Amino acid sequence: MNILYVLLSLLVGGGFGFTIAKSGRRNLDVKAEQKAKEIIREAELKERELLDHAKEQGEQAKTQAKAEYEDKQKYLLSLEKQLREREQTLDQRGIEQDGSRKDIEKKYDEIISLKDSLKELRVKQEESLQKIAAMNRDEAKELLLSVVEREGKDDILRKMKAVDAVTQEEWEGEARTIIATVIGRIASDVIAESTIYSVEIPNEEMKGRLIGKDGRNIQAFEKATGVDLLIDDTPGAVIISSFSPLRREIARVALTQMVKDGRVNPGRIEEVLAKAQEEVGRVVMKAGEEAALDAQVRGLPKEIIKVLGQLKFRTSYGQNVLSHSVEVSRIAGMLAAELKADQNVCRQAGLLHDLGKALDRDIQAPHHHISGDIAKKYGLSEAVIHAILAHHDDTEPTTIEAWIVRASDAISSARPGARRGTYEEYVERLQELENIANTFDGVDKAYAIQAGREVRILVNPREIDDLAMAKLAKKVARKIEEEMQYPGQVTVNVIRETKAQAIAE
């Protein structure tokens, strides 16, 4: 019986265990099925997200392609309009030339008719003299020739002078028409360069930050940038003053950034100034590219584009040199089209003729020679180089393109309102002050500020000690007295600053 009870117990326990195991497997199958469904749902959700993202990117690409297509369409329409205008101009010129040619042919026919009439008159006079005076043929011939020569010669000369006068007047009128048409098509507003920028500030507290304790911030800013920072009672604005457009622009970018983030201290000034110089460098490159595009000059090397962009921050008698160069290029291109000359040569030479003005303060040579050297260095054609060199009188033009570029430069420079002599003379005087200071050994930087009443000189502390500073200031002042003429007084300030730097890691 005991054995029977044990066997029954085993059977009952085994059945109960089998039931529990079967129930556990069923639960595991349910959980696995739920997990698989969750994975499938997540995969479907991920797939929908990827599809939505791909669709969004496709829409963006479509929009960008559409914008590029519209830009190209506008450019093509502009080219088509220019071609139509040129075709109309050429047709009109052809009509005018046909009219002039017909007039000349008419005058020539009149001269031939006159000569025939003189021949007939000579025959009639010969017959009359033979009948009336009973002269022999030789005597009558001699008398007739003298009469005809005296009277006919005067008539022919009068006719020839009249034809020459009409022809000269027609050609001069046509030349005036061409130049007037080109000037009318190229006419643009003229804005003389100023020596100051105004930077807006959010509140009066920012003026105090810019000045700093004991004026250390404004002194650090002026010393680093070479500009005058004018902080007065003008509400909501600070004035940046400098004769150099490049310094003004770098100072404006740096000051705007400091005002925007609100942090102003000598260390921050150096950091922001470095970034401002990089940003202005990008502006220079963009300005050069836009100028080349505006002048329709393509294929220039990047190095030339960069130098060209620097002309955005250079003026000549108050006229922005980059704007002047683009204008000369466009005028030269139009004149070349009218005169059947090489438009590409004229446009390139017109755009690059003043390229050397971006470097003439660093290189002691005439700016058009510097321009020619740059063009030669980067492989531009001999025709372009010659036209660049010949836009001043020391090189005689030998091609029609060179004459066109010289005339275009004169048209752009001489038109009313294009230039201001007083501003350029002022800039040259300030530049001369800086050049004098930079001739001395140990000078790191020199800035002419306060409208030329002060020269601020930053020296290399390893080359100039405290004693040499005083000697340098006197030498610079003496050289300014000897070589320059100026109203009032010029203060020479020499600044020597040492700085140590360490990095904690």
Quick one: 206, 484, fewest Cβ neighbours within 10 Å first, how do they rank?
484, 206
Can you list the lysines whose alpha carbon sits under 21 Å from that of residue 62, skipping same-chain ones fewer than 8 residues off?
72, 74
Mind running the shape call on region 242-422? Use the C-alpha gyration tensor, a ≥ b ≥ c as the square roots of the eigenvalues: rounded below 1.5 for a/c, prolate if a/b tops b/c, oblate otherwise.
prolate
What ranking do 49, 110, 289 get, fewest neighbouring Cβ atoms within 10 angstrom at the top?
49, 110, 289
Trypsin sites (Lys or Arg not before Pro) restricted to region 441-494 and DSSP loop, no more than 16 other C-beta within 10 Å:
453, 462
Give me the lysines in straight-line cross-link reach of residue 31: C-alpha distance below 22 Å, same-chain residues under 8 apart excluded.
22
Distance (nanometres) between label positions extended 7 Å along Cα→Cβ at residue 56 and residue 503
3.9 nm
Please enumerate, by chain and number, the lysines with C-alpha under 19 Å from the C-alpha of residue 306, excluding those fewer than 8 residues away in the same chain.
275, 286, 357, 376, 377
Between residue 454 and residues 5 or more places away or on another chain, which pairs have amide H atoms under 5 Å apart, with H built 1.01 Å from N, and which residues are they?
449, 491
What's the ranking of 292-305, 345-358, 242-255 by average number of surrounding C-beta atoms within 10 Å, highest first?
345-358, 242-255, 292-305
By the Cα gyration tensor axes a ≥ b ≥ c (a/c under 1.5 gives rounded; else a/b larger than b/c gives prolate, otherwise oblate), the shape of region 313-385 is oblate
Phi-derived 3J(HN,Hα) across region 35-42 with the Karplus relation (6.51, -1.76, 1.60, θ = phi - 60°), rounded Hz, x for Gly and Pro, is 4, 4, 5, 4, 4, 5, 5, 5
Sorted by average packing, counted as other Cβ atoms within 10 angstrom per residue and highest first, what order do 88-100, 36-48 take?
88-100, 36-48
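Every read-out reported here was derived from the displayed coordinates using simple, explicitly stated rules and does not represent laboratory data. What you are looking at is a predicted structure, and each value in this text was computed from that prediction instead of being measured. Cβ coordinates were reconstructed from backbone atoms using ideal geometry, including for glycine residues, and neighbour counts include every protein chain displayed.
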